[in-house]
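Single-structure report; data block below.
Read-outs throughout are calculated quantities, based only on the coordinates presented, and are distinct from any laboratory measurement. The shown structure was predicted, so the numbers you read here are calculated from the model rather than taken from an experiment. No Cβ is skipped: glycine too gets one built from the backbone with ideal geometry, and neighbour counts run over all protein chains shown.
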Amino acid sequence: MGKITGFLEYTRELPKSRAVEERVNDYKEIYQPFESEKTNNQAARCMDCGIPFCHNGCPLGNIIPEFNDAVYKKDWELAAEILLSTNNFPEFTGRICPAPCETACVLGINQPPVAIEHIEKSIIEKAFELNLIQPKAPKDRTGKKAAIVGSGPAGLAAAAQLNKAGHLVTVFERADKIGGLVRYGIPDFKLEKTVIDRRLKVMEEEGIIFKTNTNVGVDIKADELLANFDAVILSGGSTVPRDLPITGRNLKGIYPAMEFLSQQNKRVSNIDTEVDHRGEKYLNGDIWATDKNVIVIGGGDTGSDCVGTSNRHKAKSITQIELLTKPPLERAESTPWPHWPMMLRTSSSHEEGCERKWAILSKEFVGNEKGELTGLKIVDINWKTENGKSEIVEIEGTERILPCELALLAMGFVHPQHEGLLNDLKVDLDARGNINAKNYKTNIDKVFTAGDMRRGQSLVVWAISEGRECAREVDLYLMGESNLEAKDKGILQVN
């Protein structure tokens, strides 16, 4: 490494956030500029650790010590080359990935880990700044045509890889813009959509065709798709939200989180807010948190995004509740290094204002005579484990009603939409309702799948990894061999 003693000389430092009172009045990304010299110093903290467990922590198998070394030496071109060899979209992961690589960092055993996510974002932003990111259309075309259904990170990664292999790639998206949940599920204060558009421009110039407002299975039938393409990748994501079927669920004011978030993203981008991220009509009109008591049900990242958006709407109050118990402040003993740690995480949205409650069971939605939501009846619970099974035990005397005019269900997704394309194709499903596909190949000839449709709701970094791996399998299917990179047990391999 370029600076063997770097981890002894520099402590972890990240860009500072803009003041809360400023950032809650806009939807711009929250971080302030960070000097390149400081980023070089952060890269210098990467140790000559012998076995870089960060490789194992990263689903993409990013070659982290090597690009850190290049950043320390201020060789941004080399750093970008190394990073892009394993990650098609570091501008996404550098902003919204929870960074499992950092929790596996060897330095993190007894010091704050290397700021890998920040370094990754810095590399790609520097690469764009220096005009290092240029369209690279393949010199030769195979004549094979591949269709990709769904334009989230899995579909886009598969598209980029197959195009690089020389195939003719068409990406179909039923919404009005490309990007999937990266565009419509992630708020702009975490990822401004100009970042997506910048990348899409490069991909278009490389020869990838994007077709929006096209609902495959409706606008284009399954038989037509199979007839016109040599291979098809299904990457439509996990889109059926988990519901909360308790008394009062029919009251006005209870909505899936994604309906709330996607609508606001459309407002920010001046896009039609009558149609949702799935290309379907919003059923509940404009949803605003302004002057309302908001309860976000679900303690994950989507719930946090609802909190940040509600803060910008100027909600009267915001409460986020979670069924599970409060995680410990430090890494739990049950998740030792280098595993992903069970511990309390506080997002920038929480810092902007939110009351958080754990071990809470939602009992009933309460409304008025007009059918409007006015409150949520909850009760505190304990978790009891017997014979390896966990049970919920309500704590007597803790039942109460919280004022609530807007409840946002942020409890995740159960599986992809089955109606339409999946049923028409008659693809096999697993016990969870996801597409059953070994090595990304479905039971239907020339039909593959990647991302949340295959593995279930997951992280953007896993989606990109799935898209890359699926593309390699498609390339092998079409050509009998492949020169696309493969990640096998964290090791980058090239045929």
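If amide H atoms are built 1.01 Å from N in the plane of the peptide, which residues on other chains or at least 5 residues away come under 5 Å of the amide H of residue 220?
215
To the nearest 0.05, what FRET efficiency results for residue 21 and residue 386 with a Förster distance of 41 Å applied to their C-beta separation?
Taking R0 as 41 Å, the efficiency between residue 21 and residue 386 is 0.25.
Normalised by the number of residues in the chain, what is the relative contact order in percent for Cα pairs under 8 Å and 6+ residues apart? Before the final figure, lay out the partial values.
Details: 1028 pairs, mean separation 83.7, N = 495.
Answer for the chain is 17 percent.
Could you please rank 142, 290, placing first whichever residue has the fewest other Cβ atoms within 10 Å of its Cβ?
290, 142
Farthest toward the dipole's positive end in the chain, which of 320, 471, 10, given Cβ charges of +1 (Lys, Arg) and -1 (Asp, Glu) about the Cα centre?
Projecting each Cα onto the dipole axis, the largest value belongs to 471.
Using modelled amide H (1.01 Å from N, peptide plane; none on Pro or chain starts), what sits under 5 Å from the amide H of residue 169, excluding residues fewer than 5 places away?
Residues meeting the amide H criterion: 146, 209.
Express as a percent, rounded to the nearest 5, the fraction of DSSP beta bridges in the chain (both residues included) that run antiparallel.
Details: 28 of 61 bridges.
Roughly 45 percent of the DSSP beta bridges within the chain come out antiparallel.
Neighbouring Cβ atoms within 10 Å as the yardstick, rank 427, 169 fewest first. Write down the numbers at each step before the final one.
Details: 427 21, 169 29.
Listed from fewest to most nearby Cβ atoms, that is 427, 169.
With θ taken as phi - 60° and the coefficients 6.51, -1.76 and 1.60, list the Karplus ³J(HN,Hα) couplings across segment 286-301 in order, rounded to whole Hz; mark glycine and proline as x.
So the J values, rounded to whole Hz, are 5, 10, 10, 9, 3, 6, 10, 7, 9, 10, 9, 9, x, x, x, 5.
In debye to the nearest 20, how big a dipole does the chain give about its Cα centre with +1 on each Lys and Arg Cβ and -1 on each Asp and Glu Cβ?
Using only the charged Cβ atoms, the result is roughly 100 debye.
Rule-of-thumb check for segment 388-495: C-alpha Rg over 2.2 N^0.38 Å?
Details: Rg = 20.2 Å, N = 108, 2.2 N^0.38 = 13.0 Å.
Relative to the 2.2 N^0.38 Å estimate, segment 388-495 comes out at 1.55.
Suppose a student asked you for the relative contact order of segment 243-411, using Cα pairs under 8 Å spaced at least 6 residues apart; what percent would you report? Walk me through the numbers before you get to the answer.
Numbers: 324 pairs, mean separation 48.8, N = 169.
After rounding, I find 29 percent.
Hey, rough spin-label estimate for residue 358 and residue 414, points 7 angstrom out along Cα→Cβ, what's it come to in nanometres?
It works out to 2.8 nm between the two label points.
What list do you get for 85, 122, 334 if you sort them by fewest beta carbons within 10 Å? Could the numbers behind the result be given before it?
Values: 85 16, 122 24, 334 9.
Fewest to most other Cβ atoms nearby, the residues stand as 334, 85, 122.
With a 4.7 Å Cβ cut-off, tell me which Cys residues in the chain come up empty for a partner.
46, 49, 97, 105, 306, 354, 404, 470
For segment 243-411, just say rounded, prolate or oblate: build the C-alpha gyration tensor, square-root its eigenvalues into a ≥ b ≥ c, call rounded for a/c under 1.5, and beyond that prolate if a/b exceeds b/c, oblate if not.
The shape class here is oblate.
Select from 56, 104, 398 the residue farthest towards the positive end of the dipole of the chain; place +1 on Cβ of Lys and Arg, -1 on Cβ of Asp and Glu, and compute about the Cα centre.
The one lying farthest along the dipole's positive direction is 56.
Mind listing the phi-derived Karplus ³J(HN,Hα) values for segment 336-344, rounded to whole Hz, using 6.51, -1.76 and 1.60 with θ = phi - 60°, and x for any glycine or proline?
x, 4, x, 6, 4, x, 7, 6, 5
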